[in-house]
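What follows is calculated from the coordinates using simple rules that are stated; it is not laboratory data. Please read all numbers here as calculations on a predicted model, not as lab measurements. Counting neighbours? That spans all protein chains shown, and the Cβs are built from the backbone with ideal geometry, glycine included.
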Amino acid sequence: MSFDIVESIQKLKKEKDVAILAHYYEDGAIQDLADYVGDSFFLAKIGQQISNKNILLAGVVFMAESVKILNPEKTVLVPDLGAGCSLVHGSPYDKYLQWRKDHADALCMTYINSSAEVKSISDVIITSSNAAQILEKIPKDRRILFGPDQHLGKWLSKKYDRPMIFWPGACEVHILFNAKRLFNLTLEHPDAVVIAHPECEDAVLQYAHLVGSTSRLLEEVEKNPAKKFIVATESGIFHQMQKLRPDVTLIQAPVMDENCACNDCPYMKMNTLQKIENAMKTFTPEITMDETLRLKARTSLDRMMDITSGKPVTWPESFKE
């Protein structure tokens, strides 16, 4: 890591009143440079709480969109507009809209890993860290649509005994973890605690001692006295885990192809220090959004924020475009 570029970014942050928010899946050098590091729910919340007029979101674009939806008065920058998400790509607006129309009486829980357009036709947004809390507030007599990550939805449905209709999407990183190879790894390391993100397939989750969001997995490593963990999620989280517990051994859960670095999210890793510096110098790329779309998308995000802060919410009787 170049000291010069880090120094330049630190200087630009002060000169231009920019707060850098980074997701746990970013490169360690970016996490260390950020003012705030966390999961998607934390980043959405902190964007509302900080006083900086400008925010650079080092993550993927849907995260920056969420920050912009909630903070229209702030300039929201990203290092690379190409930093997408397989869940976003796999849930195009027109098809998601038709799905909603086909089940107009159902309430739609949409994972935050979705486009602003899809959020605009959703009833509530959830993250893996708050999904259970939000599910609890949905009336038991209402049908539930869950998208775009079917594996997160199936895990929730099974754990909390709530039937759902699933959108057939998946995270291209988490679905590559291989159950058979993971089982063999647990035999090699019987003293290891297996922790996994709920975007993994059920066949993988069955071997996990704990299933949870990135922040929950991090908490487990911090507080569990075990000295060895097998971790089934994106590799970027190892940076914070190792900082919290330099004494533990962290083992990446195996994927099907042992020669593939498939536990790296290619979109998260598109962001670099150079791109961050360039974005702060030029104030591009900037997240912009049609105001009508922003307001429609905000409704579902506000429900998430209200429920998680203990405020009462009301639910629509049926879907209206």
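When you filter the trypsin sites (Lys or Arg not before Pro) in the stretch 4-61 for DSSP loop state and at most 13 other Cβ atoms inside 10 Å of their Cβ, you are left with K53. The alpha carbons of the stretch 165-277 stretch over 43, 37, 32 Å along the principal axes, in descending order. Comparing N224, N71, N263 in a Gaussian network model of the chain where C-alpha atoms under 10 Å apart are linked, the largest mean-square fluctuation is found at N224. How much net charge surrounds V248 when only the other residues with a Cβ under 9 Å from the Cβ of V248 are counted, with Lys and Arg +1 and Asp and Glu -1? With Lys, Arg at +1 and Asp, Glu at -1, the neighbours total +2.
A DSSP coil position with no more than 12 other Cβ atoms inside 10 Å describes the following GluC sites (Glu not before Pro) in the stretch 223-291: E258.
Largest mean-square fluctuation among S91, S215, S51, in a Gaussian network model of the chain whose springs join Cα atoms under 10 Å apart, belongs to S51. Of the trypsin sites (Lys or Arg not before Pro) found in the stretch 117-190, those that fall in a DSSP loop while having at most 16 other beta-carbon atoms within 10 Å are K137, K140, R142, R143. With N the number of residues in the stretch 262-306, Rg(Cα) / (2.2 N^0.38 Å) evaluates to 1.67. Here the spin labels are modelled as points 7 Å beyond Cα on the Cα-Cβ line, and at K243 and F3 they lie 2.0 nm apart. What does DSSP give for the chain in terms of the percent of beta bridges that are antiparallel, rounded to the nearest 5? Close to 5 percent. Under the convention that each Lys and Arg Cβ holds +1 and each Asp and Glu Cβ holds -1, the size of the dipole of the stretch 99-203 around its Cα centre is about 300 debye. Diffusion of the chain by Stokes-Einstein, at 20 °C in a medium of 1.002 mPa s and with Rh set to the Kirkwood radius over alpha-carbon pairs, works out to 106 µm²/s.
Remark: the Cα gyration tensor places the stretch 1-79 in the oblate category, a/c being 1.5 or greater and a/b not exceeding b/c.
Taking 0.36 nm per residue of separation and subtracting the Cα-Cα distance, full extension of the segment from K159 to H189 would add 8.1 nm. Here the Gaussian network model covers the chain, with springs between Cα atoms less than 10 Å apart; of A196, A19, A58, A19 fluctuates the most. Coordinate range of the alpha-carbon atoms in the stretch 106-234 per principal axis, descending: 46, 27, 27 Å.
Applying a threshold of 32 Å to the alpha-carbon distances of K269/K311; K275/K311; K95/K228; K159/K320 flags K269/K311; K275/K311; K95/K228 as lying beyond it.
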